[in-house]
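A.B. asks: Pasting a structure here, questions to come.
The values are calculated or read from the model by the stated rules, or taken from the named source; none is laboratory data. This structure is a prediction, so every number in the text was calculated from the model and none was measured. No Cβ is skipped: glycine too gets one built from the backbone with ideal geometry, and neighbour counts run over all protein chains shown. Please note that ligands, DNA and RNA were not included when accessible areas were found on the heavy atoms of the full protein model with its side chains. Shrake-Rupley method; radii C 1.70, N 1.55, O 1.52, S 1.80 Å.
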Amino acid sequence: MRVVIPFVSVLGLLGVRLVGASQDSGSVIPAESRPCVDCHAFEFMQRALQDLKKMAYNLDTRVCASIEKLLLSL
């Protein structure tokens, strides 16, 4: 039992180092070429606003068409 606990501890530490090494490898994109978080948020909000404008226009068109049909049927 005295041998097993240190052996498991050493294996655990080696495993942590191997995982850390695999995360560091790969291509790194320089910070200058990556868009910032604020830019991503701005683009997301722009798309959301455009979607809301389209939805409002579609609803407005439907309501106007419904009112027109109602008035024509009177």
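A.B. asks: Does Lys69 satisfy the condition of being at pLDDT below 90, open to solvent by 90 Å² or more (accessible area, probe 1.4 Å) and assigned to a helix (DSSP H, G or I)?
C.D. replies: yes
A.B. asks: Within segment 37-51, which residues are open to solvent by 100 Å² or more (accessible area, probe 1.4 Å) and either in contact (Cβ under 8 Å) with a residue 40 or more places away in the chain or of a type in the set (A, V, I, L, M, F, W, C) (or both)?
C.D. replies: Passing the criteria: Val37, Phe42, Phe44, Met45.
A.B. asks: Are any of the residues in segment 52-61 open to solvent by less than 100 Å² (accessible area, probe 1.4 Å) and at pLDDT below 80? Before you say what the answer is, go through the steps one by one.
C.D. replies: Here is the first cut: in segment 52-61, the residues open to solvent by less than 100 Å² (accessible area, probe 1.4 Å) are 56, 58-61.
Going one step further and asking which of them are at pLDDT below 80, we end up with none.
No, segment 52-61 contains no residue that is open to solvent by less than 100 Å² (accessible area, probe 1.4 Å) and at pLDDT below 80.
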